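Here is the structure we will look at, set down as structure tokens.
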Amino acid sequence: RGKTTIRIIRSRDATIIRYKKNDLSLNNYSSLNDLTPNDLDTNSIREGTFITKLINNIGRVYYDMEKHTQALEYFQQALYIAKKIQISKVIEVNEVNIAEIQDNIAVIYFHQGEYEKTKKSYLHNLAIYQKNGDKLGQANVLNNLGEVHRQLGKYPEAFNYLNQALELFKIAKDY
């Protein structure tokens, strides 16, 4: 099967994705289910970064609607595309952006009661934020780790993470 070029058309009223001779409106989220990471080729990789953000945002809409299964599917698809773009090395993909998508996945795990998966994901992302000097990212993850430990009844660990988060929020506020 040949690759399909994805063309993004931005207008005042809507964003339309021209894909496989069909116009898909953002108002019809389910129509984006046809879009797969395999449909990205090197000519459309820059537009793929927009698609990644778009798919991630659709996941956030599903999350806000408390449709966690659908949200997780979109977050995982956005993560897959972002990693594919990163591997292609056609353009630089900031690993912090990937960590942000992984944070969204961790939130879903948290709401599903999968606290160990949540914790593992947050600890992985914390290392990425630390490596990149992203104080706000670190503070957010530490706050979330505090909440995970609170849910697990591990209150001393929760206090530790929350106090670290508070200190980093104070530092990040000065940036």
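The values are calculated or read from the model by the stated rules, or taken from the named source; none is laboratory data. As the structure is a prediction and not an experimental result, all values here were calculated from the model. As a convention, Cβ positions derive from the backbone with ideal geometry for all residues, glycine included, and neighbour counts pool all protein chains shown. Ligands, DNA and RNA are excluded from the accessible area calculation, which covers all protein heavy atoms including side chains. Shrake-Rupley method; radii C 1.70, N 1.55, O 1.52, S 1.80 Å.
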Those residues of region 94-131 which are under 17 Å from the mean Cα position of the chain (by Cα), over 25 Å from Gln70 (Cα atoms) and open to solvent by 60 Å² or more (accessible area, probe 1.4 Å) amount to Asn94
Can you say whether Leu145 is surrounded by 13 or more Cβ atoms within 10 Å (Cβ to Cβ) and within 19 Å of the chain's Cα centre (by Cα), as far as the supplied structure shows?
yes
Hey, among Gln70, Gln77, Gln86, which residue is touching a helix residue (DSSP H, G or I) at 6+ places or on another chain (Cβ under 9 Å), open to solvent by 40 Å² or more (accessible area, probe 1.4 Å) and at pLDDT 85 or above?
Gln70
Write out, first by first residue and then by second, each pair whose Cβ atoms fall under 8 Å of each other, whose residues are 6+ apart or on separate chains, and whose first residue, in region 152-175, is closer than 16 Å to Asn140 by Cβ while the second is of a type outside the set (Lys, Arg) and open to solvent by 80 Å² or more (accessible area, probe 1.4 Å).
Leu168/Leu136; Phe169/Leu136; Ala172/Leu136; Tyr175/Leu136
